[in-house]
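Student: Structure incoming, see below.
The values are calculated or read from the model by the stated rules, or taken from the named source; none is laboratory data. This one's a predicted model, so the numbers in the text were calculated from it and none came from an experiment. For neighbour counting, all protein chains shown are included, and Cβ atoms are generated from backbone atoms with ideal geometry for every residue, glycine included. Surface accessibility is based on the protein's heavy atoms, side chains included, excluding ligands, DNA and RNA. Shrake-Rupley method; radii C 1.70, N 1.55, O 1.52, S 1.80 Å.
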Amino acid sequence: MEIPKFSVLIANYNNARLIQQALDSIKAQTVQNYEVIVVDDGSTDGSHSVIELAKLSFGGKLRHSFQDNRGVASARNAALKMCSGEYITFLDPDDYWHDRRLQIHEHVLDRNPNIGFCCSDFELLYEDGRSERHFDKWLVFPDFPFEREIPREDALRWLLRVNFVGTNGATIRRSCVENVGLFKENYRQSEDYDYWLRCAANSEFYVIPQVLHTYRIHRGGLTNNYLENCEYSQRAVQECAKAYSEFIRYHGLQHAVKRSISRRWYEIGNLNFENGYLGKAYGSYFAGLQSDMSVSNILDFLSVTCRKTIRLAAFDIC
């Protein structure tokens, strides 16, 4: 049996209402050399019937596995163990690709054998119909090295600064996946960010500025708990710094790691502040200060704590 060019991995949980559009967007691709592996993570909403019916139109290209509910990382790992494609890519069941998504990624990876990780821009679609481009949200956007090979150390430096990768827009060469291993199943969120960090320490990146998929923002999404997402992102950076300490030291990335950790502490602090957990908020601010004792970070610490203290004082006066 011929090895497919792409393995498309879908981790599904209770997305019977939307997964058909995701599957249809795969069938609409201008590149058809793929296999689709759907791992259902204990759905209770009739997803199984929808997927089994969809299989009939894929001509044997779709395989479906069911497991007890263990989380998205576990489902993706199960799919990774089943797949055989040269390029491994992901699609969440509540989102969908644009029709040239695989073709454009294939073009980049076929012509750049040193690159192990390719990703592209995407559209965020809100429930009220509003949409925006992911890359347009960045303040750092004008400096980003689009459409060229990004060395491992630069890819990691950028990921420490901003998570520019959308899971549905990531394609990874099999050799990179074999070096990086599986997703961490003890992560409830940010398991994808942790994986991208590890990929950056193992392979060159390439980033395509074209919008090639649509990501739905809705109440059922995992990323709605933004505080927990920030906490797991923080953990991912800390564990990456420990696992790749020699790589980070060799490329002079220690300060980038410290700044990444301190920024997340301030973000966690701000979220706790808005939720009324003032002790946790100020504890996070001081943790951010201790993470990086540079002049710029001390100024950041003073700025954030002064602004929050002034807000508290204003509430007291009122």
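Student: Please find, among P113, P93, P4, the residue that is closer than 30 Å to A155 by Cα, assigned to a loop (DSSP other than H, G, I, E, B) and without any contact (Cβ under 8 Å) to a residue 40 or more places away in the chain.
Tutor: Numbers: P93 fails: without any contact (Cβ under 8 Å) to a residue 40 or more places away in the chain; P4 fails: without any contact (Cβ under 8 Å) to a residue 40 or more places away in the chain.
So the residue among P113, P93, P4 that is closer than 30 Å to A155 by Cα, assigned to a loop (DSSP other than H, G, I, E, B) and without any contact (Cβ under 8 Å) to a residue 40 or more places away in the chain is P113.
Student: Only one of E191, E246 is over 30 Å from D99 (Cβ atoms) and either of a type in the set (D, E, K, R) or touching a Phe, Trp or Tyr at 6+ places or on another chain (Cβ under 6 Å) (or both); which? Write out each step before concluding.
Tutor: Details: E191 fails: over 30 Å from D99 (Cβ atoms).
Just a single option satisfies the conditions, and that option is E246.
Student: Between L222, L212, L197, which is among the aliphatic types (A, V, I, L, M), at pLDDT below 95 and in contact with a helix residue (DSSP H, G or I) (Cβ under 8 Å, 6 or more places away or on another chain)?
Tutor: Numbers: L212 fails: at pLDDT below 95; L197 fails: at pLDDT below 95.
Going through L222, L212, L197 in turn, just one is among the aliphatic types (A, V, I, L, M), at pLDDT below 95 and in contact with a helix residue (DSSP H, G or I) (Cβ under 8 Å, 6 or more places away or on another chain): L222.
Student: With the requirement that a residue be over 18 Å from the mean Cα position of the chain (by Cα) and closer than 18 Å to Y187 by Cα, what does the range 242-277 give you?
Tutor: Passing the criteria: K242, A243, I268.
Student: A further question follows. Which numbered condition trips up L289, out of (1) open to solvent by 40 Å² or more (accessible area, probe 1.4 Å); (2) of a type in the set (A, V, I, L, M, F, W, C); (3) farther than 15 Å from C230 by Cα?
Tutor: So L289 meets the others, but not (1).
Student: What is the residue count in the range 139-192 for residues that are surrounded by 19 or more Cβ atoms within 10 Å (Cβ to Cβ), part of a helix (DSSP H, G or I) and among the small types (G, A, S)?
Tutor: 2
Student: Within the range 287-309, track down each residue that is closer than 24 Å to Q238 by Cα, out of contact with any Gly (no Cβ under 9 Å at 6 or more places or on another chain) and not hydroxyl-bearing (S, T, Y). Talk me through it step by step, then tell me what you get.
Tutor: If we filter the range 287-309 for residues that are closer than 24 Å to Q238 by Cα, which is where we start, we get 287-302, 304-305.
Next cut, out of contact with any Gly (no Cβ under 9 Å at 6 or more places or on another chain) only: 289-296, 298-299, 302.
Correct list: L289, Q290, D292, M293, V295, I298, L299, L302.
Residues are listed down the side, and each one gets a yes or a no for (1) charged (D, E, K, R); (2) part of a helix (DSSP H, G or I); (3) closer than 23 Å to T171 by Cβ; (4) open to solvent by 40 Å² or more (accessible area, probe 1.4 Å):
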residue: N202; (1), (2), (3), (4): no, no, yes, yes
residue: V211; (1), (2), (3), (4): no, no, yes, yes
residue: R235; (1), (2), (3), (4): yes, yes, no, yes
residue: C240; (1), (2), (3), (4): no, yes, yes, no
residue: S262; (1), (2), (3), (4): no, yes, no, no
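Student: Same structure, new question: Could you figure out which of (1) surrounded by fewer than 19 Cβ atoms within 10 Å (Cβ to Cβ); (2) closer than 20 Å to A75 by Cα isn't true of D94?
Tutor: Just one mismatch for D94, condition (1).
Student: Additional query: Being in contact with a Leu (Cβ under 6 Å, 6 or more places away or on another chain) and modelled with pLDDT of 95 or more narrows it down to one residue among Q29, Q20; which is it? Spell out the reasoning first.
Tutor: Details: Q20 fails: in contact with a Leu (Cβ under 6 Å, 6 or more places away or on another chain).
Result: Q29 is the single residue among Q29, Q20 that is in contact with a Leu (Cβ under 6 Å, 6 or more places away or on another chain) and modelled with pLDDT of 95 or more.
Student: Still on this structure: Open to solvent by less than 40 Å² (accessible area, probe 1.4 Å), part of a helix (DSSP H, G or I) and farther than 24 Å from C240 by Cβ: is that true of V304 in this structure? Show your work before the answer.
Tutor: Details: open to solvent by less than 40 Å² (accessible area, probe 1.4 Å): yes; part of a helix (DSSP H, G or I): yes; farther than 24 Å from C240 by Cβ: yes.
For V304, the condition - open to solvent by less than 40 Å² (accessible area, probe 1.4 Å), part of a helix (DSSP H, G or I) and farther than 24 Å from C240 by Cβ - is met.
Student: Search the range 33-64 for residues being surrounded by fewer than 15 Cβ atoms within 10 Å (Cβ to Cβ) and under 26 Å from the mean Cα position of the chain (by Cα), and hand back the single one that is nearest to L125 (Cα to Cα).
Tutor: Just the residues of the range 33-64 that are surrounded by fewer than 15 Cβ atoms within 10 Å (Cβ to Cβ), to begin with: 44-46, 49, 52-53, 56-57, 59-60.
Right, trim to under 26 Å from the mean Cα position of the chain (by Cα) and you get 44-45.
Working: T44: 26, D45: 24 Å.
Step by step, filter the range 33-64, then rank; the result is D45.
Student: Could you tell me whether the range 97-117 includes any residue that is more than 22 Å from N202 (Cα to Cα), open to solvent by 10 Å² or more (accessible area, probe 1.4 Å), out of contact with any Ser or Thr (no Cβ under 7 Å at 6 or more places or on another chain) and of a type in the set (S, T, N, Q)?
Tutor: Checked the range 97-117: no residue is more than 22 Å from N202 (Cα to Cα), open to solvent by 10 Å² or more (accessible area, probe 1.4 Å), out of contact with any Ser or Thr (no Cβ under 7 Å at 6 or more places or on another chain) and of a type in the set (S, T, N, Q).
Residue by residue, here is whether (1) under 23 Å from R76 (Cα atoms); (2) touching a residue at least 60 places away in the same chain (Cβ under 8 Å) holds:
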| position | (1), (2) |
| --- | --- |
| Y126 | no, yes |
| R130 | no, no |
| R133 | no, yes |
| D136 | no, no |
| D143 | no, no |
| I150 | no, no |
| L159 | yes, no |
| N163 | yes, yes |
| A170 | yes, yes |
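Student: Restricting to the range 45-76, count the residues that are in a helix (DSSP H, G or I) and under 17 Å from T89 (Cα atoms).
Tutor: Here the count works out to 5.
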